[in-house]
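What follows is a set of notes on a single structure, which appears directly below.
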Amino acid sequence: MTKKIKELYARYEEIIVYLIVGVMTTIVAWAAKFLANAVLFDNTMYPTSAENLILSTINWTAGVIFAYFANRRFVFKSREPMAKEAPKFVLSRVSTWILDIVVMQVFTLLNVHLMVGTIVSAVLVTVANYVFSKLFVFNKKSSGKAEETKTEE
């Protein structure tokens, strides 16, 4: 049984660790969001569009800062220069920040509870963030091909 678990972990390590880091990122981002909601907006569960924009921005900022370093170190194990990766990471996260804002604004218009909208948005954003990080930010294929070329020469 433990051998099978180890094999599955080895096969899906990146996705498993990404999900763990994603949960941790969500905790950090939501803590910032709900703390800001308590401090700035008296803990409303039906924020206005403007309040949602502010809360989404705080959520996004806290999440991006935590996620970049955690994904770089634990998920994708990158050794690329931060100056090369960080701008791509932030750009990819801007696109999912916009997704979050759109989803939250739609739920605000529909008068959906803040927690419901936050959970739905988090799922959509997490999937999109993984795809962007894997294909665009921490793309090992480009550095792997360069290493293969050097080895073949």
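The values are calculated or read from the model by the stated rules, or taken from the named source; none is laboratory data. Fair warning: this is a prediction, and the values are worked out from it, not measured in the lab. Positions of Cβ are generated from backbone atoms using ideal geometry, with glycine treated the same way; all protein chains shown enter the neighbour counts.
Mind listing whichever residues of the stretch 50-107 are closer than 17 Å to residue 127 by Cα and not in a helix (DSSP H, G or I)?
76 - this is the single residue of the stretch 50-107 that is closer than 17 Å to residue 127 by Cα and not in a helix (DSSP H, G or I).
For the stretch 128-149, how many residues meet the condition of being assigned to a helix (DSSP H, G or I) and modelled with pLDDT of 90 or more? So that I can check it myself, show each step before the final result.
In the first step, residues of the stretch 128-149 are kept if they are assigned to a helix (DSSP H, G or I); the result is 128-137, 140-149.
Within this subset, residues satisfying the condition of being modelled with pLDDT of 90 or more are 128-137.
The total comes to 10.
Please work out which one of (1) within 29 Å of residue 10 (Cβ to Cβ); (2) loosely packed, with under 13 Cβ neighbours inside 10 Å; (3) not polar (S, T, N, Q) is the condition residue 39 fails and give its number.
(1)
Which one of 108, 44, 48, 96 is under 14 Å from the mean Cα position of the chain (by Cα) and either under 20 Å from residue 15 (Cα atoms) or touching a residue at least 12 places away in the same chain (Cβ under 8 Å) (or both)? Even if it seems obvious, please write down each step before you answer.
Numbers: 108 fails: under 14 Å from the mean Cα position of the chain (by Cα); 44 fails: under 14 Å from the mean Cα position of the chain (by Cα); 48 fails: under 14 Å from the mean Cα position of the chain (by Cα).
Result of the check over 108, 44, 48, 96: 96.
Quick one: is residue 5 surrounded by fewer than 16 Cβ atoms within 10 Å (Cβ to Cβ), modelled with pLDDT under 95 and in a helix (DSSP H, G or I)? So that I can check it myself, show each step before the final result.
Details: surrounded by fewer than 16 Cβ atoms within 10 Å (Cβ to Cβ): yes; modelled with pLDDT under 95: yes; in a helix (DSSP H, G or I): yes.
Considered against the rule, which asks whether it is surrounded by fewer than 16 Cβ atoms within 10 Å (Cβ to Cβ), modelled with pLDDT under 95 and in a helix (DSSP H, G or I), residue 5 comes out as yes.
Checking the structure you have, find out if any residue of the stretch 65-81 is surrounded by 15 or more Cβ atoms within 10 Å (Cβ to Cβ), touching a residue at least 60 places away in the same chain (Cβ under 8 Å) and more than 17 Å from the chain's Cα centre (by Cα). Steps first, please.
Taking the stretch 65-81 first, the residues surrounded by 15 or more Cβ atoms within 10 Å (Cβ to Cβ) are 65-68, 70-72, 75-76, 78, 80.
Now restrict to residues that are touching a residue at least 60 places away in the same chain (Cβ under 8 Å): 67, 71-72, 75-76, 78, 80.
In the following step, the residues that additionally are more than 17 Å from the chain's Cα centre (by Cα) were identified as 80.
Yes, there is a match, as at least one residue in the stretch 65-81 is surrounded by 15 or more Cβ atoms within 10 Å (Cβ to Cβ), touching a residue at least 60 places away in the same chain (Cβ under 8 Å) and more than 17 Å from the chain's Cα centre (by Cα).
Would you be able to tell me the number of residues in the stretch 65-87 that are closer than 18 Å to residue 19 by Cβ and of a type outside the set (S, T, N, Q)?
The number of residues fulfilling the criteria is 11.
Within the stretch 95-117, take every residue that is touching a helix residue (DSSP H, G or I) at 6+ places or on another chain (Cβ under 7 Å), polar (S, T, N, Q) and farther than 15 Å from residue 67 by Cβ and give me the one that is surrounded by the most Cβ atoms within 10 Å (Cβ to Cβ).
Within the stretch 95-117, the match that is surrounded by the most Cβ atoms within 10 Å (Cβ to Cβ) is 108.
With (1) more than 21 Å from residue 132 (Cβ to Cβ); (2) without any contact (Cβ under 8 Å) to a residue 60 or more places away in the chain; (3) among the aliphatic types (A, V, I, L, M); (4) touching a helix residue (DSSP H, G or I) at 6+ places or on another chain (Cβ under 7 Å) as the list, and residue 10 as the residue in question, which single condition is left unmet?
Every condition holds for residue 10 apart from (4).
Identify, please: which residue in the stretch 13-46 is among the aromatic types (Phe, Trp, Tyr) and at pLDDT 95 or above and is, among those, farthest from residue 73 (Cα to Cα)? If you could, list the steps in order and put the result at the bottom.
Taking the stretch 13-46 as the starting set, the residues that turn out to be among the aromatic types (Phe, Trp, Tyr) are 18, 30, 34, 41, 46.
Checking the rest, the ones that are also at pLDDT 95 or above come to 34, 41.
Working: 34: 27, 41: 35 Å.
Looking at residues that are among the aromatic types (Phe, Trp, Tyr) and at pLDDT 95 or above, I get 41.
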